[in-house]
Amino acid sequence: MYKILAPNKNHNGETASVKFNNGVGYTDNNHLAKWFEKHNYTVEKLSKKEAQEEKKQAKDDLDEKQEELKELVPNKSNSNQKKNNSSKNNSKK
């Protein structure tokens, strides 16, 4: 497996069929790795063990981000309950 580092460390998206997150992408395709090298990307060949460790770390990072986002989004059931209480109070007037 190859780890591809984009020149732009903030690159998120897809280039040459490789998905990048924060400037890092992965591929098993030798031809793509060579293409990226020719286009000023840094290419690192990873051992099987390194690839597994990177995948686990990426999953852990994603799980952590999801938890952070959950804390930022208001609970829908609490929001709906407030709306219902507000509607009831307005109908009493």
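The values are calculated or read from the model by the stated rules, or taken from the named source; none is laboratory data. All values reported here derive from a predicted model rather than from experimental measurement. Cβ atoms come from the backbone with ideal geometry, glycine included; neighbour counts cover every protein chain shown.
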Per the filter on segment 33-42, residues of a type outside the set (Ser, Thr, Tyr) and either part of a loop (DSSP other than H, G, I, E, B) or surrounded by 16 or more Cβ atoms within 10 Å (Cβ to Cβ) (or both) are 33, 35, 36, 39, 40
Scan segment 24-41 residue by residue and report those that are in contact with a Pro (Cβ under 7 Å, 6 or more places away or on another chain) and among the hydroxyl-bearing types (Ser, Thr, Tyr).
41
Quick one: residue 80 ticks every box in (1) modelled with pLDDT of 85 or more; (2) surrounded by 10 or more Cβ atoms within 10 Å (Cβ to Cβ) bar one, so which box is it?
(1)
